[in-house]
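Participant: Got a structure for you, written out below as C-alpha cells; questions coming shortly.
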Amino acid sequence: MYSKVLCETLRGINGVLTYVEADSSNGLPSFLMVGNLASSVKEAGDRVRTALKNSNVDIPAKKVTINIAPADIRKDGTSFDLPIAVAILKSLEMIPKSVLSIIDDYAFIGELNLNGDIVGVRGILSMVSSLKEQEIKGVVVPKDNEQEALVVDGIDIISVENIRELLFILNSEENFNSYKRPHFNDIKDLQDYAIDFSDINGQSLLKRACEVAVAGFHNIIISGAAGTGKTMIAKRIPTIMPKLTIDEAIEITKVYSVAGELKNKSLVTVRPFRHPHHSISVTSLIGGGIYPRPGEISLATNGVLFLDELPHFSKMAIETLREPLEEKSICISRLNGSYSYPADFMLVAAMNLCPCGHFPDRNKCNCSEMVIERYQKSISKPILERIDICVESSPIKFNELSSANGGGEKSYVIRKRVEECREIQKERFKNYKNIKFNAQMTTKEIKKFCEIKETEKEYLRKIFNVKKLSARTYHKVLKVARTIADMAKSENIKVEHLVEACSYRSIEDKIYH
C-alpha cells in the first residue's frame, strides 16, 4: 500500500517542505531508501525498523520502498526518522482510517533512538515557521523541541516522547486532539546584566562613541594602550542596546537552533555577544563546513560580534568580513547547493597600537617604527573603511580610577537615550523594507536624509580634501553625523555633528596618513 507523510528539511536557516513516500508490497523482503540522501538519512532505515521492533510493532516481511521527495534537494540530518516511521505505519495499515484524514494535514519531525524514544533535532523553529508559511495545519515534534516549536503561533503543535506515545495518539481522533499544546510568544523583560556601564571610570569620549555606535548600529573599533579598558567597555555594549522585539528574537533563535546552540531554551531573549578567540578559523567565523552551519557572524545577528586583539586574527579571517559587513548576510556555496545565513551584527573590535601594547608611551614601548607600522597596517584600509567609528581609549588618571562616584551613568539611562534615537530612525525608515538604522543607509538614502546646508558642505569639503577621504569614508561620516544629529533631536545635520563624526576617524589617519 502507498502512503505519504509531510516533513521538513533545512536549507541554511530556512525550512523546505518535503515529504516521505512509502510503499509496501508482496515480494522478497527488503528495505530500500531513495531520494538524494546523505549518509545520516540512509541510516534512518535501520534506526526506524529497530525502534519500531523495540516498541512492540511487528513489521511483516514485505518489500518496503521509501522515497523522500523532492529528489533534487539533498536531504541531511536525522529529522526524517519520525516521518519515515509514520509512513511505514500508514503503508502497513496500522493507523485507523478515522485518523488518516487528520494527519494528512500534519507534518512530522524527529529523530528515533533504537529503544523507540523520539529525541530532539536542530532547527525546529525554522522548520515549524516554514510549515506555517506553507499553510500546513500542524506538526508533530519531539518533546525535547516542544517549547521551541510553541513560539510559532498559528500552527498546531503536538509533542511526543516515544513510539508508544505516538501510537497512542494515532489510535483515535480524540487522543490526537488531546495532545495539542497552547502557544506562547511573549518575551520576558530584558534580563539584568551582572555588568554595567557605571563600572567604567573615566573614558567619557569612549563611552560617548559607544553610545553613538549603538544608537545608529554603527561598527566601531577601539584602539589604545593595553589596560585602558577597551575590552571592559566592549563587554558592556549589549547592556545599552534596546530590548529585543519578538521578530528579532525569533530570527536569532532560528540561527542558534540550526547551529545546535539553543541549549534547551525556547527563545533567545537577550542580544547575542559573541567573543571568538583570535585563533578562530575562517570557517568557524563566517560559517560553512562539509555540512554548512552558521558561523560566529551569524550567531551575532541583532547583537555584537567582538573581535579583541584584532591584528592577531588571521589576515584571511579579517578580510572575509568585507562582504558580510556590507551585505549583512553570508552566502556559502557547496557542491550540494548554496546556503544563506543572516549576518546583521554590530562589529566591535579592539586593538593595541603595537605588539607590546604600550604605544604611544615611548617610556614603556621599545617597538621600532617599522614593527609598529607593520602591526597597525595588518588591518587593511578596506576593512577600516567599513568601520564607521574609530576611537581611541586614553590612559586612566588616578583621580578618575579612585573616584568614589564610580563611572557615572548607568546602562539603563544610556539605553533610554538609545531607544529614543532608534524611534526617530524607525519613523524615518518606516517605508523601507531593508533599512532600520542609519548605518544601513545606501547612497540613495544618504542623499535624501543626510542633506547638508552650504556651511556644513564647505566644512566637509575641507575635511575631504585635507584627509583625502574615500567615497565610502565620506558616506560613513555622513551616516554617523546623522545619528549624532538624531541624538541631539536635530532635524538637520550641523557643523558640530560633522566635527564629532570626523573625529571618529583618528586611527585611520594615524595608520594610513
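The values are calculated or read from the model by the stated rules, or taken from the named source; none is laboratory data. Since the model is a prediction, treat every value here as computed from it, not as a measurement. We place every Cβ from the backbone using ideal geometry, glycine too, and count neighbours over all the protein chains shown.
Participant: Can you go through I286, I250, I290, I240 and tell me which one is more than 22 Å from N14 (Cβ to Cβ), assigned by TED's automatic domain parsing to the domain that holds I330 and hydrophobic (A, V, I, L, M, F, W, C)?
Facilitator: Testing whether each residue is more than 22 Å from N14 (Cβ to Cβ), assigned by TED's automatic domain parsing to the domain that holds I330 and hydrophobic (A, V, I, L, M, F, W, C) leaves just I240.
Participant: Right, next: Could you count how many residues in the stretch 270-291 are at pLDDT below 90 and either within 17 Å of D344 (Cα to Cα) or in contact with a strand residue (DSSP E or B) (Cβ under 6 Å, 6 or more places away or on another chain) (or both)?
Facilitator: 2
Participant: Which is surrounded by fewer than 20 Cβ atoms within 10 Å (Cβ to Cβ) and in the same structural domain as R49 (by TED's automatic domain parsing), of D117, D104? Give the steps one after another, and end with the answer.
Facilitator: Values: D117 fails: surrounded by fewer than 20 Cβ atoms within 10 Å (Cβ to Cβ).
Just one listed residue meets the conditions, D104.
Participant: Given the conditions (1) closer than 20 Å to N492 by Cβ; (2) outside the structural domain of L347 (by TED's automatic domain parsing); (3) among the β-branched types (V, I, T), report the number of the one that I424 does not fulfil.
Facilitator: (2)
Participant: Go over the candidates N201, N185 one by one and state the one that is surrounded by fewer than 16 Cβ atoms within 10 Å (Cβ to Cβ), assigned to a loop (DSSP other than H, G, I, E, B) and at pLDDT below 90. Walk me through how you get there before you give the answer.
Facilitator: Details: N201 fails: surrounded by fewer than 16 Cβ atoms within 10 Å (Cβ to Cβ).
Only one candidate qualifies: N185.
Participant: Also, quick follow-up: Give all pairs with beta carbons closer than 7 Å in which a residue from the stretch 68-90 that is closer than 16 Å to N162 by Cβ meets a residue that is surrounded by fewer than 24 Cβ atoms within 10 Å (Cβ to Cβ) and of a type in the set (D, E); count only pairs at least 6 apart in sequence or on separate chains.
Facilitator: What qualifies is T78/E111; D81/E111.
Participant: Out of A234, A215, A249, report the one residue that is touching a residue at least 12 places away in the same chain (Cβ under 8 Å), among the hydrophobic types (A, V, I, L, M, F, W, C) and either buried (at least 24 other Cβ atoms within 10 Å of the Cβ) or part of a loop (DSSP other than H, G, I, E, B) (or both).
Facilitator: A215
Participant: Listed residues I73, I95, I88, I118; which is assigned to a helix (DSSP H, G or I) and hydrophobic (A, V, I, L, M, F, W, C)?
Facilitator: I88
Participant: Does the stretch 315-339 hold any residues that are in contact with a Cys (Cβ under 9 Å, 6 or more places away or on another chain) and surrounded by 15 or more Cβ atoms within 10 Å (Cβ to Cβ), and which are they?
Facilitator: Scanning the stretch 315-339 gives E323, Y339.
Participant: For the stretch 41-56, how many residues meet the condition of being crowded, with 18+ Cβ neighbours inside 10 Å, closer than 15 Å to I118 by Cα, of a type outside the set (G, A, S) and touching a Gly at 6+ places or on another chain (Cβ under 9 Å)?
Facilitator: The number of residues fulfilling the criteria is 1.
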